[in-house]
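Colleague: Before anything else, here's the structure in question.
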Amino acid sequence: MFKRCIHTAVTAVVALSGGGALWAGEGEVATVQVGGTSIVFISQVPSEELALTVSGKGVHFTRDYGPGETPALSVGDDALLNGTYKYELRTVPKRDEAALLKADKAGDEDRLAELWRDYQQQVLVQSGSLKVVDGHFVEPKSE
């Protein structure tokens, strides 16, 4: 049911063609697309997973999105009342499975450690604020 709601929100916002607004800063994890009562985070980087955390006004939740899934919020579905909320969108980068397998089979602990460090450095975080006024999202502010 939850995935269907997210898909519906994504479809509704994308279908607005010109009715929604886009905000993205250079090097950000996602473009933020606002369309009235819905907001969609369109990933700009390859990753295996995205984690969206939202907090404020008595609300705090984190949702994980797999490959091909688009993080989205809806004022009604997510019980977001008028006010300001903080968001954090975090990537889980793609791993070089072939390199990991090769290093593991060779017993190369140094290479495995190097791959792990590289992997951790690829985690990207985008944060900002979202504002709901009269039941609608207004322009988010990146931090």
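Since every read-out is calculated from the coordinates, none of them should be taken as a lab result. Everything quoted here is computed from the prediction, not taken from an experiment. FYI the Cβ positions are ideal-geometry reconstructions off the backbone, even for glycines, and counts take in every protein chain you see.
Colleague: Say each of residue 53 and residue 81 gets a label point 7 Å from the Cα, pointing the same way as Cα to Cβ; how far apart are those two points in nm?
Modeller: Each label point is offset 7 Å from its Cα along the Cβ direction, giving 2.3 nm.
Colleague: Stretch residue 95-residue 123 to full length: gain in nm at 0.36 nm per residue minus the Cα-Cα span?
Modeller: This chain segment gains 9.0 nm when fully extended.
Colleague: Based on alpha-carbon atoms only, what is the radius of gyration of segment 101-143 relative to the globular estimate 2.2 N^0.38 Å?
Modeller: Numbers: Rg = 20.5 Å, N = 43, 2.2 N^0.38 = 9.2 Å.
The value comes to 2.23.
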